[in-house]
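A.B. asks: Before anything else, here's the structure in question.
Bear in mind that the values in this text are calculations on the coordinates, not laboratory data. Note that this is a predicted model, so its numbers are computed, not measured. Positions of Cβ are generated from backbone atoms using ideal geometry, with glycine treated the same way; all protein chains shown enter the neighbour counts.
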Amino acid sequence: MLGAGITPQRRVPLDAPIPKPGITVVRTLSPSTIHPPLARYSHGYSVPAGHRLTITAGQLGIELDGKIPADSEGQAEICFKNIEAILAEDGMTMANVVRLSVYVTAREHMEGYRRARDRRFPGAPPTTTLIMVAGLVRPEFVIEIEAIAAAAP
């Protein structure tokens, strides 16, 4: 039993290539011997050797002027906007993202994060770990997102 509102996602064949701009070939890794993802993410990606990686620090939902939205969706939008800016500085886009680590302070913040994520990743979702934490650096923050992106050399 998965619990209320949790359904397994469609399993992608192990050798299914995922179109990721700037990456030669990415394969999803979803062995038939493990349960399918419980949400919209991929169990694993295989990125070919020699690809360039960009790794972001955890991004918080704070605007350049210091404003912080009260809701998780607004904060997630800023986190993703910041990640996009970091990737752009290295010649990448959100399409290059292969991994997300997401920290939320309460379950009620997960849905806002998911809506923001789905706008950024309409196709194959990156591998993702969503972690419930007791708090972030300041009490007004409810979400923090890190990303790893890959691109051909």
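A.B. asks: Expressed in nm to one decimal, what extension gain is obtained for the pair A57 and I131 from 0.36 nm per residue of sequence separation less their Cα-Cα distance?
C.D. replies: Full-extension gain reported as 25.1 nm.
A.B. asks: Hey, got a sec? Which GluC sites (Glu not before Pro) in segment 21-98 land in a DSSP loop and have at most 10 other Cβ atoms within 10 Å?
C.D. replies: Filter output for segment 21-98: empty list.
A.B. asks: Do any trypsin sites (Lys or Arg not before Pro) in segment 47-153 lie in a loop, going by DSSP, with at most 15 other beta-carbon atoms within 10 Å of their beta carbon, and if so which?
C.D. replies: Answer by residue number: K67.
A.B. asks: What does the convex hull of the Cα atoms of segment 51-151 come to per residue, in Å³, rounded to a whole number?
C.D. replies: Convex hull of Cα atoms, per residue: 89 Å³.
A.B. asks: Something else now. Mind listing the phi-derived Karplus ³J(HN,Hα) values for segment 52-68, rounded to whole Hz, using 6.51, -1.76 and 1.60 with θ = phi - 60°, and x for any glycine or proline?
C.D. replies: 7, 10, 10, 10, 9, 6, x, 9, 9, x, 10, 6, 4, 7, x, 6, 10
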